[in-house]
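Peer 1: Take a look at the following structure, please.
Computed from the coordinates by the stated procedures, all read-outs in this text should not be read as laboratory data. This is a predicted model, so every value here is computed, not measured. Please note: Cβ atoms are built from the backbone with ideal geometry, for glycine as well, and neighbour counts cover all protein chains shown.
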């Protein structure tokens with residue numbers, strides 16, 4: 001009974017959150033400043049976490065967040081109710097980060113051939129990484145690698161979609177992902193070695 005009750009409370013909380021977001025959104029459609037502020041306060045922490053994955057530091061992430069919310073508020077009528085509202089706003093944040101990156105730092109990478117087998121192997125190995133450690137290490141990647149990794153592994157874009165959005169070839173997207181995963185695996189291996197050293201000591 002306790003487990004069932006816990007699940008019921010969780011579902012009720014989720015329903016209440018959705019109801020509150022819908023109320024805020026109705027206000028946003030009417031250009032209600034109070035509801036706009038309420039929606040911002042409700043979603044800013046989650047969206048900042050999304051922006052942080054693409055930014056070099058927190059200040060840049062804040063800039064992306066502000067720009068993303070401005071775009072969202074200017075285009076509220078484009079949301080047709082298809083899919084999750086929070087997911088729609090999340091995509092705006094990702095697109096804002098990508099657009100900012102393309103304007104400020106054009107991607108400059110050397111294309112080279114990477115065998116499909118090697119990429120597949122790297123993909124399988126990357127799936128075994130500790131999620132919490134991985135998210136901390138993503139911030140240490142070069143920005144080009146970080147963008148491709150986030151779009152593919154976190155946001156679920158295909159290499160063709162990544163190529164179209166970043167203005168690179170599909171092969172370069174695959175190669176960049178391959179390199180990013182190798183860097184992450186190396187960093188995670190170093191982190192694990194240090195932890196084992198301190199535990200042994």
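Peer 1: For the pair residue 78/residue 91, report the inter-label distance in nm, with labels modelled 7 Å from Cα in the Cβ direction.
Peer 2: A separation of 1.0 nm, rounded to one decimal place.
Peer 1: Sticking with this structure for a sec: Given a Förster radius of 30 Å and the C-beta distance between residue 154 and residue 22 as r, what FRET efficiency does 1/(1 + (r/R0)^6) yield to the nearest 0.05? Kindly include the intermediate steps, with their values, before the conclusion.
Peer 2: Details: r = 26 Å, r/R0 = 0.88.
E(calc), rounded to 0.05, equals 0.70.
Peer 1: Give me the distance in nm between label points sitting 7 Å out from Cα along the Cα-to-Cβ direction at residue 62 and residue 140, one decimal.
Peer 2: Roughly 2.6 nm, to one decimal.
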